[in-house]
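Remarks on the structure that follows.
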Amino acid sequence: MSSFLLTISRYWLSLLGLTVLVPCVISLLRQKLPAPPEACLINTANGDKIDLIYWENSIGRNASNDIVLNYNTISRYHGVISRRRDGWYVTDTGSSVGVFVNGEQIKKTCQIFHGDKITFGGAAMVFETEEGRQNDIRFSKNDLKGQGQY
């Protein structure tokens with residue numbers, strides 16, 4: 001009798017394990033790819049593109065920041081670029097040198113738009129959004145149509 005119960009429990013446990021494992025594997029295979037970033041910073045010194053992949057992106061010299069900028073003029077925790085319902089914002093988190101948007105130092109938080117120049121210490125960046133890049137492409141094609149080059 002005990003060997004019979006042992007045989008049944010082996011099959012039952014195997015079946016139970018499969019019923020748990022199969023849906024897990026299926027959900028992993030169906031997982032959506034992450035959405036492409038909707039904004040980025042372009043380093044004006046070297047042209048590097050830094051994608052803004054989070055709703056809040058911390059910027060500074062410390063390795064715990066989302067975006068690490070190894071410049072002597074950058075504070076350990078220099079600023080934050082965040083996305084909100086009504087747009088993108090940059091915040092100075094009490095840096096010693098400050099954050100500048102289009103040449104003007106911000107006090108605490110400032111809304112930023114496509115094409116704005118943001119300076120963290122000595123690092124100048126251009127803020128670009130995907131929507132703004134699409135509009136730039138659309139406008140440049142329209143400009144070329146009038147010149148017979150498109």
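Go through the range 73-139 and tell me which strands (runs of 3 or more DSSP E), entirely inside it, have 2 or more residues that are among the hydroxyl-bearing types (Ser, Thr, Tyr).
In the range 73-139, 87-92 are the strands (runs of 3 or more DSSP E) which contain 2 or more residues that are among the hydroxyl-bearing types (Ser, Thr, Tyr).
When both residues are 6+ apart or on different chains and their Cβ atoms are under 6 Å apart, which pairs have a first residue that lies in the range 105-119 and is without any contact (Cβ under 8 Å) to a residue 60 or more places away in the chain and closer than 24 Å to Asn135 by Cβ, and a second that is open to solvent by 70 Å² or more (accessible area, probe 1.4 Å) and part of a loop (DSSP other than H, G, I, E, B)?
Asp116/Asn102
Of all residues in the range 48-58, how many are in contact (Cβ under 8 Å) with a residue 12 or more places away in the chain and in a loop (DSSP other than H, G, I, E, B)?
Looking only at that region, the number is 3.
Open to solvent by less than 50 Å² (accessible area, probe 1.4 Å) and acidic (Asp, Glu): is that true of Asp51 in this structure?
Against the criterion (open to solvent by less than 50 Å² (accessible area, probe 1.4 Å) and acidic (Asp, Glu)), Asp51 does not qualify.
Need the failing condition index for Ala45 against (1) open to solvent by less than 30 Å² (accessible area, probe 1.4 Å); (2) in contact (Cβ under 8 Å) with a residue 40 or more places away in the chain; (3) of a type outside the set (Lys, Arg), just the number.
So Ala45 meets the others, but not (1).
Could you list, in sequence order, all residues of the range 59-85 that are in contact with a Gly (Cβ under 6 Å, 6 or more places away or on another chain), surrounded by fewer than 18 Cβ atoms within 10 Å (Cβ to Cβ) and in contact (Cβ under 8 Å) with a residue 40 or more places away in the chain?
Tyr71, Thr73
Quick check: anything in the range 11-32 in contact (Cβ under 8 Å) with a residue 40 or more places away in the chain and either out of contact with any Lys or Arg (no Cβ under 6 Å at 6 or more places or on another chain) or among the polar types (S, T, N, Q) (or both)?
No, every residue in the range 11-32 fails to be in contact (Cβ under 8 Å) with a residue 40 or more places away in the chain and either out of contact with any Lys or Arg (no Cβ under 6 Å at 6 or more places or on another chain) or among the polar types (S, T, N, Q) (or both).
Looking at (1) in a helix (DSSP H, G or I); (2) exposed (fewer than 10 other Cβ atoms within 10 Å of the Cβ), find the lone condition where Thr7 falls short.
Thr7 satisfies all of (1) in a helix (DSSP H, G or I); (2) exposed (fewer than 10 other Cβ atoms within 10 Å of the Cβ) except (2).
Please enumerate the residues belonging to the range 86-117 that are buried (at least 18 other Cβ atoms within 10 Å of the Cβ), farther than 14 Å from Glu56 by Cα and aromatic (Phe, Trp, Tyr).
Phe100
For the range 10-42: of the residues being modelled with pLDDT of 80 or more, aliphatic (A, V, I, L, M) and under 18 Å from the mean Cα position of the chain (by Cα), which is surrounded by the fewest Cβ atoms within 10 Å (Cβ to Cβ)?
The qualifying residue surrounded by the fewest Cβ atoms within 10 Å (Cβ to Cβ) is Ile42.
Can you tell me how many residues within the range 78-136 are of a type in the set (A, V, I, L, M) and within 16 Å of Lys49 (Cβ to Cβ)?
Going through the range 78-136 one residue at a time, the tally reaches 6.
The values are calculated or read from the model by the stated rules, or taken from the named source; none is laboratory data. Since this is a predicted model, take the numbers as computed values, not measurements. We place every Cβ from the backbone using ideal geometry, glycine too, and count neighbours over all the protein chains shown. Side chains included, ligands, DNA and RNA excluded: accessible areas come from the protein's heavy atoms. Shrake-Rupley method; radii C 1.70, N 1.55, O 1.52, S 1.80 Å.
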